[in-house]
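Structure first, then comments.
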Amino acid sequence: MATRRGSSVGFSFSFSLFSFFRLHLIHNDSWIYNNLWRKWSSTVRRHLATKSTAVQTLSLQLSGYGAKQSLVQAVLDSLDVKEPSDLETWEPEKIHKFVDTFLEHRFSTILVLNKVDHPDSDHNIRRVYAKYPETRIVPSCALAEIFLRKLAKQKYIRYIEGEENFDTLEDLTDGSNSLLALDPKNKARLEKIRDMVLLRYGSTGVQEAIKRAVDIRGLIPVYTVKNLNTFSCSNRAERVFQDCSLVYPNTTVGDLAKMLHPDIHKYFLYAENALKMRLSENDVITFENNIIKFTTAVREKEK
């Protein structure tokens, strides 16, 4: 799916996407498998000598890939591997299966198919779905998203990121003149986006791709605010829920404080949730407990 400056090459699926994605998967699998298998004998000897669990041994071998013990445990659970596990009996086939499952957990993949406004996109997208039915796929048009945001900022349209439609001055029925009139060129371009992208796929796909990425990682959005009445992030009341962090499950309030700023953790007194209930450093952040205001010793002295 490449284009040269000044020309339109279109979608070349004979190699560029299918082969690249396949090589990407094979490369990652082979790289990790070879690293494990090359040292497997010494790994097993150390495993037996130290009487370690499979989780401890494998997480140590995969530490370079950011594999925590909780992640390795989830991989072993999905493979129904119980402790004590006899790693010395693992054959190459089982190690390959472990690596495949580890990759799915650690490096989950989403295929974002850009340029869906191209005339051949429907045919090519069907080919991708047929070729990789188990893969998460999101059709998208990044250029359309950029254009819609630009016109919305300039007050030519009403558009909410990720929505399936937009409003122009002609679409308004409330008698409002809050939007500017479009020139014929931009009007025609908008109609093409509406027809080729929004009506066909439900959105430009940009927000959907981000949402999918967050969902498959199991991340929790946390909104840190300075005012629990207005939920603003500063003295300006209009900045509502503007600051958001993404954290993994079992992240504590203290962990979040360290992520935000060392001083917040150093001078931490307490935190409060949306119901103004106090939280300690050890309280776990959940989807039901993810609006947080921090109070520090420094701030208390300022009062």
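Under 1.5 on a/c is rounded, so check that first for the chain, then, if it is not, pick prolate when a/b is larger than b/c and oblate when it is not; a ≥ b ≥ c are the square roots of the alpha carbon gyration tensor eigenvalues.
Numbers: a/c = 3.18, a/b = 1.20, b/c = 2.66.
Cα axes put the chain in the oblate bin.
Rolling a 1.4 Å sphere over the protein heavy atoms, what is the accessible area per residue of the chain, to the nearest Å²? Before the final figure, lay out each step's value.
Values: 18730 Å² over 303 residues.
It amounts to 62 Å² per residue over the chain.
Between Asp80 and Ser178, what length comes free when the chain is fully extended (0.36 nm per residue of separation minus the Cα-Cα distance, one decimal in nm)?
Numbers: separation 98, 0.36 × 98 = 35.28 nm, distance 5.99 nm.
Fully extending the segment from Asp80 to Ser178 adds 29.3 nm.
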Per-q log10 I(q)/I(0), the range 148-263, q = 0.18 Å⁻¹ (Debye; single scatterer per alpha-carbon; no solvent): -1.02
Under DSSP loop assignment and at most 11 Cβ neighbours within 10 Å, longest GluC sites (Glu not before Pro)-free interval of the chain: 1-133
Additional length obtainable on full extension of the chain from Arg200 to Val214, 0.36 nm per residue less Cα span: 2.6 nm
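How much length is gained if the chain between Ala142 and Tyr270 is pulled fully straight, taking 0.36 nm per residue apart and subtracting their Cα-Cα distance, in nm to one decimal?
On the way: separation 128, 0.36 × 128 = 46.08 nm, distance 4.21 nm.
My answer for the length gained is 41.9 nm.
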Shape category assigned to the range 110-157 from the gyration tensor of Cα positions, a/c cut at 1.5: prolate
Fraction of antiparallel bridges per DSSP, the chain only, in percent to nearest 5: 70 percent
Nonlocal amide H pairs with Ile110, under 5 Å, H built at 1.01 Å: none
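Rank Thr89, Thr230, Thr295, Thr252 by accessible area, highest first, at a 1.4 Å probe radius?
On the way: Thr89 85, Thr230 60, Thr295 5, Thr252 30 Å².
Highest to lowest solvent-accessible surface, that is Thr89, Thr230, Thr252, Thr295.
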Exposure of Met196 as accessible area (Å², to 10), given a probe of 1.4 Å and all protein chains: 30 Å²
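So which of Lys226/Lys266; Lys115/Lys211; Lys153/Lys258; Lys51/Lys266; Lys68/Lys266; Lys131/Lys211 end up more than 28 Å apart, counting from Cα to Cα? Walk me through the numbers on the way to the answer.
Details: Lys226/Lys266 18 Å; Lys115/Lys211 19 Å; Lys153/Lys258 35 Å; Lys51/Lys266 38 Å; Lys68/Lys266 26 Å; Lys131/Lys211 24 Å.
The pairs that break the limit, which is 28 Å between Cα atoms, are Lys153/Lys258; Lys51/Lys266.
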Largest to smallest accessible area among Arg45, Arg212 [probe 1.4 Å]: Arg45, Arg212
Asp243 versus Gln69: modelled label distance in nm, points set 7 Å from Cα along the beta carbon direction: 3.3 nm
Prolate/oblate/rounded label for the range 96-175 (Cα gyration tensor, a/c 1.5): prolate
Dipole moment magnitude, nearest 20 debye, the chain about Cα centre, only Lys, Arg, Asp, Glu C-beta charged: 940 debye
Percent carbon-and-sulfur accessible area, the chain, ignoring ligands, DNA and RNA, probe 1.4 Å: 52 percent
Aspartates and glutamates with Cα under 17 Å of Lys82, excluding same-chain neighbours fewer than 8 positions away: Glu91
Solvent-accessible area of Phe287 with every protein chain in place, 1.4 Å probe, in Å² to the nearest 10: 120 Å²
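The values are calculated or read from the model by the stated rules, or taken from the named source; none is laboratory data. Because the structure is a prediction, the values reported are computed rather than measured. Here the Cβ is made from the backbone with ideal geometry for all residues, glycine too, and neighbour counts use every protein chain on show. Each accessible area value is taken on the protein alone, full model and side chains, heavy atoms only, with ligands, DNA and RNA left out. Shrake-Rupley method; radii C 1.70, N 1.55, O 1.52, S 1.80 Å.
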